[in-house]
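Colleague: The structure that follows is given in the form of structure tokens.
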Amino acid sequence: MRRYSVRDGTLYATAFYLAPPKQVHRLHSMISTVPGERHERRGPRMTEHNFASAVKKIQDALGPDCPEARGVRAVTSPVLGAELTEDDIVALLDAGPQEQQTLFALADKVRKRFMGNAVHLRGIIEFSNYCVRDCLYCGLRRDNRKLARYRMSIDEILKVAAKAAAAGYRTIVLQSGDDFHYRADDIARMVERIKRTAAVAVTLSVGERSRKEYAVMRQAGADRFLLKHETADPDLYRRLHPGMTLDGRLECLAHLRDLGFQVGSGNIVGLPGQTVRTIAKDVVLLRALDVEMAGIGPFIPHPDTPLASCPPGDLAMSLKALAVARLALPLAHLPATTALATLHPDARRMGLSCGANVIMPNVTPLEFRRLYEIYPGSIALRAPEDGGIAEIRTMLSSLGRPVSDTCGHSPKPEWARATRVAHTSAH
Ligand code: 5AD
């Protein structure tokens with residue numbers, strides 16, 4: 001049967017891009033029985049009615065489920081995302097095991113309709129684990145004196161980027177702690193040299209800098225920037241990030257937006273002091289920022305941080321947050337995060353089946369990778385030097401999901417031109 005899917009703003013007619021429905025169904029039942037549903041059952045559920053009405057809003061906005069309805073995403077997407085109120089989102093996040101199945105299936109459908117079936121691989125290079133910040137949850141925090149610190153040289157970074165590009169990655173993510181040892185000029189030079197030698201998009205994830213510094217990086221050709229807002233609750237933000245504010249974070253995100261980056265943000269699920277409403281506010285904020293990418297993953301306690309004894313984030317809640325983000329942001333790139341995959345051996349597949357369309361394998365040389373310990377036990381430590389492309393391909397093909405052969409820029413209409421420019425200048 002001829003089916004349709006959307007890749008990078010183009011409508012494709014193909015049978016290959018669709019996952020076998022049976023398999024997807026099996027995964028959905030699996031997700032609905034995952035353990036640890038602390039957030040689910042709290043007395044009589046006042047949100048049942050709201051859940052049904054939130055689901056109906058999305059279904060109505062999606063229109064009939066026929067091939068002809070596909071490809072109208074540019075018209076329907078703002079409607080689709082904007083329909084949901086904060087209360088709707090709370091109701092969706094409160095979904096119990098039965099409702100969860102409905103939510104995940106709907107998110108999967110929205111993902112398929114708006115983003116297609118291809119999965120984008122982004123190769124992350126963690127080039128420095130020095131950090132001037134002291135975030136209470138993070139193993140890289142300045143006050144963690146137990147951690148041996150490293151910095152990769154620009155030449156080392158370039159070598160790793162070239163290897164990743166040769167292995168097939170079409171996006172390189174340069175990530176570090178907030179490390180001012182690298183000046184904006186240094187980062188700009190890395191970006192320029194990577195883009196000169198490989199046909200890749202470059203995403204930066206180097207924390208809070210001045211607008212001027214961001215401008216230098218953008219000028220050098222950096223395509224995208226990731227800066228998670230972590231939590232949309234300003235008080236919780238202040239408590240978890242000594243000396244920092246949510247407003248400061250949002251100001252950085254506004255600069256990045258202004259400078260023409262494709263902007264990524266995101267949040268942590270299961271932080272101590274967080275409620276379901278806080279997570280709903282996270283999704284509302286992501287929608288207000290109209291992000292091109294959002295990383296949503298569970299909190300994992302690190303033994304050498306003040307939050308060592310706090311429980312980890314809940315798998316089901318993390319998946320629900322991801323699914324709701326897909327409904328609210330149909331055109332955003334959403335990774336099945338490494339933190340999610342670290343919680344449960346099958347969580348990457350689960351994430352990909354309830355809204356995610358991106359995987360971010362770690363290509364950092366192993367000697368450094370083990371020192372980039374944001375949280376313990378990362379699955380990245382079990383992956384080979386190239387991030388485990390072969391294993392990922394096998395997993396994706398079992399889901400009927402091909403690996404994208406494009407840079408995977410934002411499919412929003414306003415980035416169509418950026419995509420062409422990036423393609424021509426890269427070759
Ligand atoms: N658990 C989960 N995610 C974490 N991060 C940092 N520490 C933790 C933790 N303990 C996330 C933050 C940060 C990203 C690089 O890693 O969201 O932005």
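The values are calculated or read from the model by the stated rules, or taken from the named source; none is laboratory data. In this text the structure is predicted, and so the values were computed from the model without any measurement. All Cβ positions, even for glycine, are placed from backbone atoms using ideal geometry, and neighbour counts span all protein chains on display.
Colleague: I'm trying to understand the selection: among the residues of the stretch 260-274, which are in a loop (DSSP other than H, G, I, E, B) and under 27 Å from Val202 (Cα atoms)? Break it down into steps so the answer makes sense when it comes.
Modeller: From the stretch 260-274, those in a loop (DSSP other than H, G, I, E, B) are 260-261, 270-274; that's our starting set.
Residues satisfying the conditions are Gly260, Phe261.
Colleague: Follow-up question, since we're still on this one. Taking Lys146 and the conditions (1) assigned to a loop (DSSP other than H, G, I, E, B); (2) within 24 Å of the chain's Cα centre (by Cα), which numbered condition does it fall short on, given that it satisfies the others?
Modeller: With (1) assigned to a loop (DSSP other than H, G, I, E, B); (2) within 24 Å of the chain's Cα centre (by Cα) applied to Lys146, the lone miss is (2).
Colleague: Still on this model: Restricting to the stretch 274-329, what's the tally of residues that are among the polar types (S, T, N, Q) and in contact with a helix residue (DSSP H, G or I) (Cβ under 6 Å, 6 or more places away or on another chain)?
Modeller: Keep residues of the stretch 274-329 that are among the polar types (S, T, N, Q), which gives 274-275, 278, 305, 309, 318.
Keeping just the survivors that are in contact with a helix residue (DSSP H, G or I) (Cβ under 6 Å, 6 or more places away or on another chain) gives 318.
Final tally of qualifying residues: 1.
Colleague: Still on this structure, I have one more. Looking only at the stretch 203-230, which residues are on the phi < 0 side of the Ramachandran plot and within 16 Å of the ligand (Cβ to nearest atom)? Break it down into steps so the answer makes sense when it comes.
Modeller: As a first pass, look at the stretch 203-230 and keep what is on the phi < 0 side of the Ramachandran plot: 203-206, 208-220, 222-229.
Of everything in the stretch 203-230, those that are on the phi < 0 side of the Ramachandran plot and within 16 Å of the ligand (Cβ to nearest atom) turn out to be Thr203, Leu204, Ser205, Val206, Glu208, Arg209, Arg224, Phe225, Leu226, Leu227, Lys228, His229.
Colleague: Among the helices (runs of 4 or more DSSP H) lying completely within the stretch 158-251, list those that include at least 1 residues that are over 18 Å from the mean Cα position of the chain (by Cα) and of a type in the set (Phe, Trp, Tyr).
Modeller: Numbers: elements: 184-197, 211-219, 234-240.
It comes to 211-219, 234-240.
Colleague: Mind listing whichever residues of the stretch 119-139 are under 15 Å from Gly388 (Cα atoms) and in contact with a Gly (Cβ under 7 Å, 6 or more places away or on another chain)?
Modeller: Residues satisfying the conditions are His120, Gly123.
Residues are listed down the side, and each one gets a yes or a no for (1) surrounded by fewer than 18 Cβ atoms within 10 Å (Cβ to Cβ); (2) away from the ligand (no atom under 12 Å from the Cβ); (3) assigned by TED's automatic domain parsing to the domain that holds Val173:
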residue	(1), (2), (3)
Gly295	no, no, yes
Leu329	no, yes, yes
Thr337	no, no, yes
Leu381	yes, yes, yes
Gly387	no, yes, yes
Arg393	yes, yes, yes
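Colleague: Would you mind stating whether Phe225 is at pLDDT 95 or above, among the aromatic types (Phe, Trp, Tyr) and farther than 24 Å from Ile374 by Cα?
Modeller: Values: at pLDDT 95 or above: yes; among the aromatic types (Phe, Trp, Tyr): yes; farther than 24 Å from Ile374 by Cα: no.
So Phe225 fails the test.
Colleague: To continue, here is another question. If we keep just the residues of the stretch 301-317 that are in a loop (DSSP other than H, G, I, E, B) and touching a Gly at 6+ places or on another chain (Cβ under 7 Å), which is farthest from the ligand (Cβ to nearest atom)? Explain how you work it out, then say what you get.
Modeller: To start, the set of residues in the stretch 301-317 that are in a loop (DSSP other than H, G, I, E, B) comprises 301-314.
Imposing the further condition that a residue be touching a Gly at 6+ places or on another chain (Cβ under 7 Å) reduces the set to 302, 304-305, 312-314.
Details: His302: 5, Asp304: 11, Thr305: 7, Pro312: 8, Gly313: 7, Asp314: 13 Å.
That would be Asp314.
Colleague: Here are some residues: Arg277, Arg326, Arg287, Arg257. Which one is in a helix (DSSP H, G or I) and closer than 26 Å to Val132 by Cβ? Break it down stepwise before answering.
Modeller: Details: Arg277 fails: closer than 26 Å to Val132 by Cβ; Arg326 fails: closer than 26 Å to Val132 by Cβ; Arg287 fails: closer than 26 Å to Val132 by Cβ.
Of Arg277, Arg326, Arg287, Arg257, the one residue that is in a helix (DSSP H, G or I) and closer than 26 Å to Val132 by Cβ is Arg257.
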